[in-house]
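Worksheet for the structure shown next.
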Amino acid sequence: MLMPNAQNTTTMLSVRGLTKSYGGTIHALRGIDMEVKKGEFLVILGPSGAGKSTLLRCLNRLVEPTEGQIFHNDVQITGNRRNLRAVRRDFGMVFQQFNLVRRLSVLTNVLTGRLAYRSSWRSLFYNFPQEDKRIAIECLARVNMDHKAFQRADTLSGGEQQRVAIARALAQQPTVILADEPVASLDPKIARQVLTYLREVAHELGITVLCNLHQVEYTREYAERIVGMSKGRIVFDGTGAELTDDVIHRIYYRDPDEETAEEK
Amino acid sequence: MTAVSFETAVSAGLAREAQVRHRRYIKQAVWGAIAIAVLWYAAHQIKFSPYAVAAGVPFMWDFLTRLFPPDLSYMSVLGSATIETIQIAIWGTLLAIILSIPFSLLGARNTTPHIIVFHATRVFLNALRAINELVFALIFVSAVGLGPFAGVLAIALHATGMLAKFVAEEIESVDKGQIEAQLSTGASRMQVILFGVIPQVIPSFVGYSIYRLDVSIRSATVLGLVGAGGLGFSLIQTMKLFKYHQTATCILVIFLLVLVSDWICGKLRRKVI
C-alpha cells in the first residue's frame, strides 16, 4: 500500500525453456523464455504458424507442454493436473472466433465465466447465485454490453460478440487475460474499438494481458511491450519504438538458409 | 514466362486432364461390372421372378375382393385401439428420449469418460437397433404379459438405440471453439457438457425426438401382431376370424393414423429446426 509502484515491477508470469512438439517431428515451440510483469499489456507478434496460439494455450494448460516450466505468481503451474481448474480460472481467454455459445443468452455466456467457482451439481439446474449475476452484469457494463444481456449471443455483430467474450473473461476475475488474435475476424474500426476496450478494462482492473496479433500496425498502437515470435522462438523483445523495419523483417521473413538448417 | 514454355505448360495440363479422365472411366467400368454381378447373383438367390408376380395376380385379386368393401361400422370399435396405439408410441418414445440422454453422452467420443465406455455403448446401441421392435415385443410379452405395456417397452428399447446413436453423432460434431472457451474458464467436464455441448445439440435432439415419435406410431400399429396391444391386435384377430371387411377397416385406419402423424410431426419439426 505504501509503495503503489511496487506491484508494477512484480513478475506475474515466468516461462522457462518451454517447448512443445507434436509426435517429435512438428515443433510448435522451440524453447521459450520470458518474464511478464504484473499489469503489462504485452503483444506477441508473429506470422501464422509461429507458435503464438500454442504458447497462450500452454499458459492456461489447454495444451500440455513437452518440456519447460511456467510460474504464475511464483507458483509452478506446469506438471500438476490436480489444480487445473483453479489455474484456468486465473487466466481469462479471448478467441479469434469469439467462441460464445451461440444459442445461450449474452448474460448466460458471461456467467459461464463463473463456472469454475461453483460445483458441477449446482450448475446442473442452470442457475447461478445472485452474487455471480451481479459480477456478470458488472462485467457486461464495463464493455458497454449490459443493454443486450438477454439477447441470444448469435444475434450480435462480431464486435459485440468479442466484447461479450471479454466480459466473460473478466467474470472469471482473472489475473491474466490471454487474447488469441482477438481482432483477426473484425474490420479495422471495430478491431480498434475491441482492442481499446481490452486495454482499458485490463488497465483499470490491473489485469496482465498477453495478446497475440499478426498486424504490425495494431501492435505499434496498443502494445506496451512487444515479443516477436518466429518458428517457435522469440526473436525480439522490446518496445514499439524498437520495432524497426529490420526487426519486422526478421519476424516475418527469416533467412531461408537458417530455416533449412533448423528443419534438420 | 515465355510464350513457348507457357504453351508447353498448357498442353501438359491438357494431357494430364485426359489421363485423369481415362482413369475415371476405367474405375467406373470396374465398379459398374461389380455392381451388376452382385445384383444378378442376389436376384438368383432370392428367386426373383416377374413370372411369379404375373401368376399371382388372380390370387391377389381374390384377396382384394374379399377385403372390399371395408366394414365402416367397425371403425367405432377401432377407436380405443387407435388411441392405445398412440399411447404406446408416446410412452415408448418418451422413455427412449430420457434413456438416450445418458447413452448419447457415453457414446460420443468427446463426452465419454473413457474410450472403452464409448465402444461398449456403441455396441450396446447397435444391438438395440439391430433387434426389431417385433422381436423385443415377443420377449416382453413373455416377460410382462400380453398387452400394450410390452409394446411400450419394445418401442422404448429400439428407439433408444436409434435416438442415442443419432444424438451421439450430433454431439461429436459440435463446434469445438465453444467447448474450448468453456474449458478455458476452468469449467468441469460436466459444466462443459451442460453449457457448451447441450445448448448446441438441443435443436437436433428435439427434431430427432419428434421424428422418432412418428416412426414409433408406425411401429406401434403392428406390435399387436405378437400380442403387444394397439391396432395390430385387431388386424390379426379379424384376419384369423376371416372377417376381411373388418381387416380392411383396420388397414384403412392405420393408413389414416400414419398420414395424420406424419403431417403433425412434420409440422412440429419444421417449427423447431
Candidate cut points under trypsin sites (Lys or Arg not before Pro) in segment B:107-140, DSSP loop plus at most 16 other Cβ atoms within 10 Å of their own Cβ, are B:Arg109
Among trypsin sites (Lys or Arg not before Pro) in segment A:64-172, those in a DSSP loop whose Cβ has at most 13 other Cβ atoms within 10 Å are A:Arg81, A:Arg82
Lys and Arg at +1, Asp and Glu at -1: neighbours of A:Glu131 with Cβ under 15 Å from its Cβ sum to +3
In order over segment A:63-77: 3J(HN,Hα) from phi, Karplus 6.51/-1.76/1.60, θ = phi - 60°, whole Hz, x for each Gly or Pro, gives 10, 8, x, 6, 9, x, 10, 10, 10, 10, 6, 6, 9, 6, 10
With +1 on the Cβ of every Lys and Arg and -1 on the Cβ of every Asp and Glu, the dipole magnitude of chain B about its Cα centre, in debye rounded to the nearest 20, is 400 debye
Final fewest-first order of A:Glu64, B:Glu133 on the 10 Å Cβ neighbour count is A:Glu64, B:Glu133
Per the 1/(1 + (r/R0)^6) rule, R0 = 35 Å and r from the Cβ atoms of A:Glu242 and B:Asp175, FRET efficiency to 0.05 is 0.30
Sorted by chain and then number, the residues having a modelled amide H within less than 5 Å of the amide H of A:Phe236, at least 5 places away or on another chain, are A:Gly228
Simple spin-label estimate for A:Ser120/A:Arg225, 7 Å along Cα→Cβ, in nm, reads 3.8 nm
Scalar couplings 3J(HN,Hα) for segment A:239-249 by Karplus 6.51 cos²θ - 1.76 cosθ + 1.60 (θ = phi - 60°), nearest whole Hz, x for Gly and Pro, are 9, x, 5, 7, 7, 7, 4, 4, 5, 4, 4
Sorting B:Val272, B:Val215, B:Gln182 by the position of each Cα along the dipole of the protein assembly as shown (Lys, Arg +1; Asp, Glu -1; all at Cβ), the one nearest the positive end of that ordering is B:Val215
Karplus-derived 3J(HN,Hα) from phi for segment B:61-76 (6.51 cos²θ - 1.76 cosθ + 1.60, θ = phi - 60°), whole Hz, x at Gly and Pro, runs 4, 4, 4, 4, 5, 6, 6, 8, x, x, 7, 5, 5, 5, 4, 5
Note on chain A: contact order normalised by length, alpha-carbon pairs under 8 Å, 6 or more apart, percent, works out to 27 percent
Ranking A:Cys211, A:Leu186, A:Asn83 by how far each Cα lies towards the positive end of the charge dipole of chain A (+1 on Lys and Arg Cβ, -1 on Asp and Glu Cβ), the top one is A:Asn83
Sparse-neighbourhood loop hits (chymotrypsin sites (Phe, Trp or Tyr not before Pro), segment B:166-251; DSSP loop; Cβ within 10 Å at most 14 others) -> B:Phe242
Answer in debye to the nearest 20: the dipole magnitude of segment A:6-263 about its Cα centre, from +1 Lys/Arg and -1 Asp/Glu charges placed on Cβ, is 1480 debye
For peptide A:120-130, the mean count of other chain Cβ atoms within 10 Å per residue Cβ is 2
Taking Cα atoms, the helix B:115-130 axis meets the longest principal axis of chain B at an angle in degrees (rounded to 10) of 40 degrees
Using the Kirkwood formula on alpha carbons, the hydrodynamic radius of chain B in angstrom works out to 23.2 Å
Longest principal axis of chain B (C-alpha) makes with the long axis of helix B:231-240 (C-alpha) an angle, in degrees to the nearest 10, of 50 degrees
With 0.36 nm assigned to each residue of separation and the Cα-Cα distance removed, B:Ile251 to B:Ile264 gains 2.7 nm
With +1 at each Lys and Arg Cβ and -1 at each Asp and Glu Cβ, the charge dipole magnitude of segment B:13-145 around its Cα centre, to the nearest 20 debye, comes out at 1040 debye
Tilt, helix A:188-205 to longest principal axis of chain A (alpha-carbon atoms), in degrees rounded to tens, equals 80 degrees
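Every read-out reported here was derived from the displayed coordinates using simple, explicitly stated rules and does not represent laboratory data. Only a predicted model underlies this, so the values are computations on that prediction, with no experimental measurement involved. Methodologically, a virtual Cβ is constructed for each residue, glycine included, from the backbone with ideal geometry; neighbour enumeration extends over all protein chains shown.
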